[in-house]
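The values are calculated or read from the model by the stated rules, or taken from the named source; none is laboratory data. Fair warning: this is a prediction, and the values are worked out from it, not measured in the lab. In this analysis, Cβ positions are derived from the backbone assuming ideal geometry, glycine residues included, and neighbour counts consider all displayed protein chains. The area values use the complete protein model at the heavy-atom level, side chains included, leaving out ligands, DNA and RNA. Shrake-Rupley method; radii C 1.70, N 1.55, O 1.52, S 1.80 Å.
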Amino acid sequence: MEHGAVEAAAALLARARRVVVFTGAGMSAESGVPTFRDALTGLWHRYDPQSLATPQAFAADPDLVWGWYEWRRSAVRRARPNAGHLAVAAIEAHVPQPLVVTQNVDDLHERAGSPDPVHLHGSLFAPRCCACAHPAPAGADADEPAGGRRLPPPRCVRCCAPVRPGVVWFGEALPQAALDTAATAAADCDVLLTVGTSALVYPAAEIPRTAARAGAAVVQVNPGPTPLDPVATLNLRGPAAEVLPAVVGAAWPD
Ligand code: BV8
Ligand code: ZN
């Protein structure tokens, strides 16, 4: 990890008033939560996430898809926020106007102390009826078998239709309020930190570009290259749980 880049990122953050932290699956990788790039294992090894995370897949085989989300939910429950999540919460504590915007459906930002991250793609902890949208209870905290299993989704208490995960599936619209909040903050920020995203899924991937177009400094944290490399002011090549604490330590040496 280039020392100069960490120092440069820290200097940008230390004097910023409005900061957006935009995160993807790589943010939770070091907590043991598989990214979307990681091949699926167990029952789902022959599926790609983008085909499973669709209304069509749920309609065709609800037990397979519900089982997959319950397996992911139990993996997230067993996981712990990593030093990267904690550093993001520290940035929020030091910056006058921070906002965390995540594509992740886990609750690791919240468990690390981030008060109110914007979930662009929903959450694993907000199931609802697929017909009347009535909120459903989060479900028992049972540990799912390592290899996963088919699991029939519970029924809606109001209309008996199947309950679905409270996430945004491919082909579905994002929650408009969340998207508006994120886009407005990106267009208005001094610094946008993009962490652990391949920036391939839209409209979320537009957020860092909106910030760059508005003249903000874009700082990318990712061990690998992404389409944002040419957009970023600074590219910090390394894992989030190593790079972010280093940046926070340099920005606010207490
Ligand atoms: C919609 C919830 C229309 C579910 C998710 C424009 C151009 C092309 C295509 C489209 C377009 N506009 C729309 C589309 C279609 C589609 C899309 O973008 N397709 C892509 C694949 C081409 N978009 C949609 O379908 C969206 N909806 O357009 O609706 C509409 C409009 C109005 C009315 C009706 C309909 C909905 C998209 C949301 C889908 N749901 N998640 C679930 O989780 O199951 S997306 C999901 O995948 C994640 O939320 C995330 O967004 C994405 C995965 O990306 P990343 O998070 O970046 O993770 P990834 O694994 O890819 O990469 C990890 C990165 O981390 C890597 O770069 C790696 O190097 C790095 N890394 C690894 N380890 C570390 C690390 N970084 C730091 N530290 C480490 N340790
Ligand atoms: Zn219902």
**OP:** Find all pairs meeting these conditions: Cβ atoms under 8 angstrom apart; at least six residues apart or on different chains; first residue within segment 113-135 and within 22 Å of Gly171 (Cβ to Cβ) and open to solvent by 60 Å² or more (accessible area, probe 1.4 Å); second residue within 11 Å of ligand 2 (Cβ to nearest atom) and of a type in the set (Gly, Ala, Ser).
**Re:** Arg128/Ala136; Cys130/Ala161; Ala131/Ala161
Subject >> Given (1) under 30 Å from Pro137 (Cβ atoms); (2) open to solvent by less than 30 Å² (accessible area, probe 1.4 Å), number of the condition Pro34 does not satisfy >> reply: (2)
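Among the residues of segment 10-17, is any open to solvent by 40 Å² or more (accessible area, probe 1.4 Å), at pLDDT 95 or above and not in a helix (DSSP H, G or I)? Don't jump to the end; show me each part of the working.
From segment 10-17, those open to solvent by 40 Å² or more (accessible area, probe 1.4 Å) are 11, 14-15, 17; that's our starting set.
When the remaining residues are screened for being at pLDDT 95 or above, the result is 11, 14-15, 17.
Narrowing the set further to residues that are not in a helix (DSSP H, G or I) leaves 15, 17.
The answer is yes; a qualifying residue exists.
Mind checking which residues of segment 88-97 are surrounded by fewer than 24 Cβ atoms within 10 Å (Cβ to Cβ) and either touching an Asp or Glu at 6+ places or on another chain (Cβ under 6 Å) or part of a helix (DSSP H, G or I) (or both)? Lay out the reasoning, then the answer.
First, pick out the residues of segment 88-97 that are surrounded by fewer than 24 Cβ atoms within 10 Å (Cβ to Cβ): 89-97.
Ala89, Ala90, Ile91, Glu92, Ala93, His94, listed by residue number.
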Original post:
Among the residues of segment 33-71, how many are within 16 Å of ligand 2 (Cβ to nearest atom) and either among the hydrophobic types (A, V, I, L, M, F, W, C) or at pLDDT below 85 (or both)?
Top reply: 3
Original post:
Within the bounds of segment 48-56, is there any residue that is open to solvent by 20 Å² or more (accessible area, probe 1.4 Å) and within 13 Å of the chain's Cα centre (by Cα)?
Top reply: no
